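This report concerns only the one structure given below.
Since every read-out is calculated from the coordinates, none of them should be taken as a lab result. These numbers were taken from a predicted model, which means no experiment stands behind them. Neighbour counts are summed over all protein chains in view; Cβ atoms, including those assigned to glycine, are modelled from backbone coordinates with ideal geometry.
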Amino acid sequence: MEQNLEDKVEFREKVKYFFNKNKKKIILFLIIVFSFLCALFFIDYNKKKANNLISEKYIKAGLLLASDQKEESKEIFKEIIFSKNKFYSVLALNTIIEKDLEKNQTKVIEYFDIVENINKSKEQNDLILFKKALYLLKISKENEAKKILEMLLNSNTGFEILIRDLLENKKTK
């Protein structure tokens, strides 16, 4: 029992000695860890704030579109696409295409390129490429659309059945 008590006292002395000897290093380490955690929280807060701002812009653009202010709405949707938000950029592009807000086909393809380069899952990226191919078919750029569709087929996409049907229907026309 006395041996155990002496071991505890000796251990405490070693810990005290270690802390006294390395006090500056320990304090510096704790400050660095604290600063790092603060930076992470700050970055997360800014991302959430930016996402909220983009969502408000998307709602505003939708309201402007509903009140038949197409030019103002289109400008906000373009801002959203250029913000490269994973969620709202895709929605903004879809709205521009569905409502035919952009008449310049080159710009729409440029918007597709921007949205394609946003870091998304493979399924989301395949969907964007599929929509791009459908848009290219709509504007009579069949060769470019066919290349995209064949590339999607070779990448084992979940849209394989739709792509095969689309390609077969194009051959019969």
Which lysines does residue 16 reach when only Cα atoms under 21 Å apart count, and residues fewer than 8 places away in its own chain are ignored? 8, 24, 25
Likely footprinting exposure, 101, 53, 167, fewest C-beta neighbours within 10 Å first: 53, 167, 101
Students often get this wrong, so try it: which of [x] 66, 34, 31; [y] 44, 36, 32; [z] 96, 41, 24 is Cα extents along the principal axes in Å as calculated from the structure shown? [z]
Lys, Arg +1 and Asp, Glu -1 on Cβ, resulting dipole of the chain about Cα centre, debye, nearest 20: 400
Selection from 40, 51, 88, by position along the positive dipole direction of the chain (Cβ): 40
Members of 49/99; 49/141; 49/74 lying beyond 32 Å, as alpha-carbon distances in this model show: 49/141
Can you give the angle from 0 to 90° between the axis of helix 88-98 and the longest principal axis of the chain, with both taken from C-alpha atoms, to the nearest 10? 10
Among 111-124, 71-84, how do they line up from the highest to the lowest mean number of other beta-carbon atoms within 10 Å? 71-84, 111-124
Cα-Cα over 28 Å, subset of 48/147; 86/138; 48/138: 48/147; 48/138
Along region 133-143, what does the Karplus equation 6.51 cos²θ - 1.76 cosθ + 1.60 (θ = phi - 60°) give for ³J(HN,Hα), rounded to whole Hz, x for Gly and Pro? 4, 5, 5, 5, 5, 4, 9, 6, 10, 5, 5
Rounded to 0.05, the calculated FRET efficiency for the beta carbons of residue 156 and residue 46 at R₀ = 41 Å is 0.65
Run the numbers for residue 55 and residue 33: contour at 0.36 nm per residue of separation, minus the present Cα-Cα distance, in nm. 4.6 nm
